[in-house]
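Visitor: Just dropping this structure here.
The values are calculated or read from the model by the stated rules, or taken from the named source; none is laboratory data. None of the values given here were measured: they were computed from a predicted structure. Neighbour counts are summed over all protein chains in view; Cβ atoms, including those assigned to glycine, are modelled from backbone coordinates with ideal geometry.
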Amino acid sequence: MRINNILQYTEHHRYYIFRDFSLSSLDYKMLSLIYQPMIGAFAVALYQQLYHGIAEGCSGYSPLEPQRKLFLGLGLEMNERSRKHLIDQASKLEAVGLLQTSRLGLPDNADVIYEYELAQPLSPAEFFRNMHLTMLLRDKVGKYAVISLRESFGANEPDELAQAQLTKENISVPFYELFKLNLQSVDNELEQALTEVAPSRQASARSTLATAGIPYGEIILRFPRNSANRRFVERLRGDEEQLAQVNYVAYKYNLTVADLCRLLDEDGIFSDNGQLNVDEIQLRANQFYRQDKKREGDRQRTLARTPVTTSEPFDSEELDEEYEVQEQDYLQVPNQLLGRCDIQQYNMLMRNEPHTRFLQRFFPGAVPDWIERVFERIDLNYKLAAPVINVLIHYVIGANDAQRVTKTFLDAVASNMLVKQIDTFEKAVQYVREQAQVEQEKERRKEAAASFGGAGGGAYNGAKGNGRSGGNNRGTSRKPSIPIVEEGQPASAVSADELEELRKLARKLDGKL
């Protein structure tokens with residue numbers, strides 16, 4: 001807890017508590033045997049005091065109360081020494097990830113309100129995967145005590161199973177094979193009511209994105225100690241949203257832990273106040289991705305490796321069920337992927353996967369560089385949402401029978417989506433269906449025009465020819481038939497009377513002149 005002035009944190013300031021979990025017997029055991037040796041009994045007592053500020057069996061927010069209640073509940077006096085002591089104990093809870101403290105400023109009041117957001121203790125498996133927490137516990141109780149504590153939290157696998165070489169087959173039944181939902185009728189009132197009365201906070205959109213699964217412990221363990229960005233990386237421990245952003249970028253561009261640490265160590269990744277610059281990290285991660293892909297392509301050409309064939313089973317690894325796709329929004333599986341996935345799997349991938357991974361599924365080998373550069377510009381410059389880009393891939397590459405896969409066409413479709421403000425998966429699906437109807441209407445018009453031209457064009461030409469050949473049909477032609485003087489035609493004879501009339505006319509004209 002960072003308090004610059006001790007008068008900013010007193011027993012007169014108000015506070016409230018938020019938690020969205022309930023402690024189990026395993027959590028209490030973790031607090032007693034694992035967390036208490038690291039942070040002390042008083043810090044654990046403060047955690048439990050905050051935990052019981054909300055009734056057992058409930059989650060959400062506590063009422064606003066003065067911090068005097070905390071001081072009295074912990075047996076502290078109302079003085080400066082007790083304030084500093086409470087700040088130190090809260091800082092210990094924050095350092096191990098059990099507490100996150102925030103200060104809220106009221107617009108019409110100079111006073112502030114403190115928020116204590118509690119986090120659930122880590123499970124034994126998660127705790128011992130975090131090396132910085134394990135090393136802190138080792139420094140407090142010793143190496144052999146850590147080994148003993150780890151063994152006390154788990155039951156070993158039976159020897160008969162551990163020694164045998166068994167094959168494991170997943171025979172679980174998925175949800176949609178057993179239950180059928182009525183997806184045609186959407187109850188908006190129910191969704192609104194569930195959202196309004198929900199006791200927990202609304203989860204951010206980034207926290208539900210796919211993740212590379214890189215824990216904070218591995219990042220901080222490999223990150224350089226003398227780096228200027230280390231203080232910003234250390235803040236990722238308590239900022240789940242930014243840590244999810246980092247993991248999503250690593251998943252999207254296939255970054256390893258070493259590549260991710262090297263990326264976080266560069267200038268411009270963090271702002272002056274420690275906020276992660278998402279656009280910059282995506283841009284540089286994309287550069288890593290393209291460099292690695294170029295090296296991989298050179299290596300494959302050197303080793304003369306054959307490309308992967310489409311007969312391999314459809315790979316849906318690392319796809320978490322993040323966003324469900326309703327049945328009325330399903331798009332058909334393209335011909336390239338028939339037999340490799342069903343319609344539900346395909347639409348789940350299109351809804352949740354990054355475009356870099358989704359694009360690779362349409363090509364047996366490497367994706368052409370110019371196609372990757374086009375979608376890279378659409379993602380980084382146009383900033384279309386990832387599901388919208390995947391629907392664009394489906395429309396242009398997967399479901400395009402005319403094979404108009406060109407830079408101009410891709411850019412035109414993306415620009416049209418931007419103009420029409422297509423920013424969600426559902427809007428993109430509707431756009432694709434509307435475009436399909438427009439193309440079908442164009443084909444029908446072409447066929448009608450072609451049939452009309454074949455049947456009526458000959459009759460029109462015939463009538464036009466008859467009008468030129470005879471005077472009786474002159475009315476059927478749009479243009480009058482003009483006689484043409486042809487060479488070699490014999491001159492007509494002039495009689496004596498006609499010749500005399502012409503001479504009189506000539507003399508009359510000469511007299512007038």
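Visitor: Six or more apart or on different chains, Cβ under 6 Å: which pairs go from a residue in the range 249-268 that's at positive phi to one that's assigned to a helix (DSSP H, G or I)? Could you list them?
Guide: Once the first residue is at positive phi and sits in the range 249-268, its partners that are assigned to a helix (DSSP H, G or I) give GLY268/GLU280.
Visitor: Given (1) modelled with pLDDT under 85; (2) under 30 Å from CYS58 (Cα atoms); (3) assigned to a helix (DSSP H, G or I), where does GLN202 come up short, assuming only one miss?
Guide: (3)
Visitor: In addition: Test SER91 against the criterion of being closer than 30 Å to ARG150 by Cβ and not in a loop (DSSP other than H, G, I, E, B), and give yes or no. If you could, list the steps in order and put the result at the bottom.
Guide: On the way: closer than 30 Å to ARG150 by Cβ: yes; not in a loop (DSSP other than H, G, I, E, B): yes.
Spelling it out, SER91 is indeed closer than 30 Å to ARG150 by Cβ and not in a loop (DSSP other than H, G, I, E, B).
Visitor: Pull up the range 178-199, narrow it to residues that are among the charged types (D, E, K, R) and in a loop (DSSP other than H, G, I, E, B), then point me to the one that is modelled with the highest pLDDT.
Guide: Per the criteria, the residue is LYS180.
Visitor: I'd like to check which helices (runs of 4 or more DSSP H) are fully inside the range 129-177 and have at least 1 residues that are within 40 Å of the chain's Cα centre (by Cα).
Guide: In the range 129-177, 131-141, 143-152 are the helices (runs of 4 or more DSSP H) which contain 1 or more residues that are within 40 Å of the chain's Cα centre (by Cα).
Visitor: Looking only at the range 210-261, which residues are of a type in the set (Lys, Arg) and assigned to a loop (DSSP other than H, G, I, E, B)? Before the answer, list the steps.
Guide: Going through the range 210-261, the residues of a type in the set (Lys, Arg) turn out to be 222, 225, 230-231, 235, 237, 252.
Correct list: ARG225 only.
Visitor: Same structure, new question: Output the residues belonging to the range 404-448 that are polar (S, T, N, Q), surrounded by 12 or more Cβ atoms within 10 Å (Cβ to Cβ) and either outside the structural domain of LEU392 (by TED's automatic domain parsing) or in a helix (DSSP H, G or I) (or both).
Guide: Selection gives SER415, ASN416, GLN430, GLN435.
Visitor: How many of the residues in the range 101-144 are hydrophobic (A, V, I, L, M, F, W, C) and more than 20 Å from LEU50 (Cα to Cα)? Steps first, please.
Guide: Taking the range 101-144 first, the residues hydrophobic (A, V, I, L, M, F, W, C) are 104, 106, 110, 112-113, 118-119, 122, 125, 127-128, 131, 133, 135-137, 141.
In the following step, the residues that additionally are more than 20 Å from LEU50 (Cα to Cα) were identified as 106, 110, 125, 127-128, 131, 133, 135-137, 141.
The total comes to 11.
Visitor: Then there's this: If a residue must be in contact (Cβ under 8 Å) with a residue 40 or more places away in the chain and either in contact with a strand residue (DSSP E or B) (Cβ under 6 Å, 6 or more places away or on another chain) or among the β-branched types (Val, Ile, Thr) (or both), how many such residues does the range 17-50 contain?
Guide: 6
Visitor: For the range 359-368, name all the residues that are surrounded by fewer than 21 Cβ atoms within 10 Å (Cβ to Cβ), at pLDDT 80 or above and under 17 Å from TYR253 (Cβ atoms).
Guide: LEU359, GLN360, VAL367, listed by residue number.
Visitor: Report, ordered by the first and then the second residue, all pairs with beta carbons closer than 7 Å, sequence separation of six or more or different chains, a first member in the range 329-347 that is within 17 Å of PRO387 (Cβ to Cβ), and a second member that is among the acidic types (Asp, Glu).
Guide: ASP329/GLU426
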